[in-house]
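Take a look at the following structure, please.
The values are calculated or read from the model by the stated rules, or taken from the named source; none is laboratory data. If you're wondering where the values come from, they're calculated on a predicted model, not measured in any experiment. Cβ placement follows ideal geometry from the backbone for every residue including glycine, while neighbour counts extend to all protein chains displayed. Protein only, heavy atoms only, side chains kept; ligands, DNA and RNA dropped before computing areas. Shrake-Rupley method; radii C 1.70, N 1.55, O 1.52, S 1.80 Å.
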Amino acid sequence: MSGKLYGAAAEYLRNRFHGELREQESNPTVGTAAATIVDSNPDRLSLQFTNLSANVIYIGLAETVSASNGIRLDMNGGGASLSVSDDGMLVTREWFAMASGAGSSAYVLEMSRFISDEQIANGEVEPA
């Protein structure tokens, strides 16, 4: 699911980051072998990871992510948030994940900037 952002907060962020904004949600399944959970995106501004499973999930910047090398997302709602303001380029990187049990559900929410030929002014309808 992807959506255009509206309102005062979106206007503030459009002005701050010089472009339109999009949110994108995904529900990846994480296994016991490390795999990409989020591709790199140089225009990503924020990233939220939430563990929806009964297993522990670990996230990291390399395929070597493991229980001893990564950020632990505790079971049933553990999460991590990244923003370009606080975490710099880390938010734009490819992220890997692995879990303590197969078939572990996760939730990922991204907000990215995009530049279009026709920037959408406050209150206007998005171009087709």
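Across the stretch 27-49, what is the total count of residues that are part of a loop (DSSP other than H, G, I, E, B) and polar (S, T, N, Q)?
Selection size over the stretch 27-49: 4.
Another question, if that's okay. Of all residues being touching a residue at least 40 places away in the same chain (Cβ under 8 Å) and assigned to a helix (DSSP H, G or I) in the stretch 80-106, which is most open to solvent (accessible area, probe 1.4 Å)? Just the residue, please.
Val84
Could you list all residues from the stretch 18-41 that are more than 12 Å from the chain's Cα centre (by Cα), open to solvent by 40 Å² or more (accessible area, probe 1.4 Å) and at pLDDT below 95?
His18
For the stretch 50-79, what are the residues that are surrounded by 15 or more Cβ atoms within 10 Å (Cβ to Cβ) and not in a loop (DSSP other than H, G, I, E, B)?
Once the filter is applied, which keeps residues that are surrounded by 15 or more Cβ atoms within 10 Å (Cβ to Cβ) and not in a loop (DSSP other than H, G, I, E, B), the stretch 50-79 yields Thr50, Asn51, Ile57, Tyr58, Ile59, Gly60, Ile71, Leu73, Gly79.
A further question follows. Out of Ser81, Ser105, Ser85, which single residue is out of contact with any helix residue (DSSP H, G or I) (no Cβ under 7 Å at 6 or more places or on another chain), closer than 22 Å to Glu23 by Cα and at pLDDT below 95?
Ser85
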